[in-house]
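The next block holds one structure in the form of structure tokens; read it before the comments.
The values are calculated or read from the model by the stated rules, or taken from the named source; none is laboratory data. None of the values given here were measured: they were computed from a predicted structure. A quick note on method: Cβ atoms are made from the backbone with ideal geometry, for glycine too, and the neighbour counts reach across all protein chains shown.
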Amino acid sequence: MAGPLAGLRIIEIAGIGPGPFCGMMLADHGAEVIRIERPGDGPGFAPGVSDDILARSRRSIMVDLKSPEGVAIIRDLCRDADGLIEGFRPGVMERLGLGPDALLQDNPRLVYGRMTGWGQEGPYAHTAGHDINYIALSGNLHTYGRAGQKPTPPANAVGDFGGGGMMLAFGMVSAILHARQSGQGQAIDCAMVDGAAVLASMIWSFYGNGNWRDERGANLLDTGAPFYDSYETADGKFIAIGPVEPQFYRELLRLVEATDLPSNHFDARTWPEMGASLDQLFRMRTREEWCALLEGSDACFAPVLSLAEAPLHPHNQQRGTFLHVDGKVQPAPAPRYTRTMTEEPRMSQVAGEDTEEVLASLGYEAADIADLQARGIVGG
């Protein structure tokens with residue numbers, strides 16, 4: 001593997017959402033990630049052909065974690081690993097005999113990454129939840145939506161991926177750096193409710209300084225300000241503008257030839273009238289016509305592209321923001337590096353396809369592997 005994390009080995013206990021995203025980020029940037037599938041388990045990277053982008057660029061083995069032999073295999077894998085990622089509820093890995101105390105005893109340098117919604121402790125720790133619940137408790141969901149309307153979740157980007165998987169990936173790399181310097185591994189308690197709260201740090205700063213009203217659709221960045229919003233165009237499509245700084249706002253006014261808009265766009269008293277004027281203005285031309293006028297300027301403009309359109313935009317094409325892998329479009333690894341270049345992602349085809357190879361690398365004899373397969377302890 002190429003990339004800045006080349007040489008790291010991470011063991012990933014298969015799950016859905018944020019855990020696999022963390023594994024994908026580490027694998028995208030060069031770490032060897034071995035994903036442990038459970039026989040007959042799913043969804044996502046389940047037995048059979050897989051097209052799960054979150055599971056790309058891994059080696060995959062299938063192990064029954066509820067058997068003593070399966071537990072022994074995982075412990076063998078972790079003896080020489082830099083890290084492990086798991087996303088079960090608190091206590092599950094301990095009951096399997098694979099908790100951090102056991103694995104850190106085997107490998108004191110191991111970084112044990114725990115991905116949950118509520119965290120390892122607290123009144124909600126053992127209850128079920130999803131992204132929408134975690135961002136609700138963090139205060140984030142309250143800020144998403146228009147004035148007078150109910151909160152609108154931003155799909156599952158903030159809890160699962162920004163506050164969850166990305167936060168755990170950062171924590172894994174940080175703790176691995178510490179382990180390499182000190183020889184001491186540790187467990188990471190990564191909770192999506194905590195991570196979502198951190199992602200809103202700037203909003204908390206505004207709120208604490210009296211510059212953010214604790215209601216939706218009333219502030220600079222939540223559609224309260226009409227110059228930071230999306231607008232429908234003549235052809236029923238949408239564009240987005242965000243000229244917050246005065247010089248960028250002046251550039252927008254100049255290009256659209258809007259003489260009726262206020263020169264001081266921060267005066268909230270003018271926002272309702274300004275929003276109505278901008279709404280009427282942008283409905284006068286198609287999205288393509290607005291692109292012809294505003295793209296490439298400092299008016300802080302972009303077309304609102306659909307999932308089908310985004311990979312076709314010239315900017316995304318020139319940068320290679322999206323890739324075609326096995327005939328399917330997916331985001332390219334990010335960020336980019338000038339020296340430690342990353343490889344193009346590769347998709348695994350069958351869960352457990354690398355079982356024999358990985359076990360052989362641990363010293364298991366072919367006859368022993370065949371016996372484990374015959375008894376359903378491992379797949380492949």
Selection status of Asn264, polar (S, T, N, Q), part of a loop (DSSP other than H, G, I, E, B) and crowded, with 19+ Cβ neighbours inside 10 Å: no
Check off (1) outside any strand (DSSP E or B); (2) in the same structural domain as Gly83 (by TED's automatic domain parsing) for Tyr112 and give me the number that stays unchecked. (1)
Against the conditions (1) under 25 Å from the mean Cα position of the chain (by Cα); (2) surrounded by 15 or more Cβ atoms within 10 Å (Cβ to Cβ), where does Ala334 fall short? Just the number, please. (2)
Tabulated pairs, the range 103-123, first crowded, with 19+ Cβ neighbours inside 10 Å, second at pLDDT below 95, C-beta under 9 angstrom, 6+ apart or interchain: Met115/Gly15; Met115/Gly17
Failed item in (1) in the same structural domain as Pro20 (by TED's automatic domain parsing); (2) over 24 Å from the mean Cα position of the chain (by Cα); (3) among the small types (Gly, Ala, Ser), with Gly208 passing the rest: (1)
For the range 350-380, the count of residues that are closer than 18 Å to Phe21 by Cα and either loosely packed, with under 15 Cβ neighbours inside 10 Å or among the charged types (D, E, K, R) (or both) equals 0
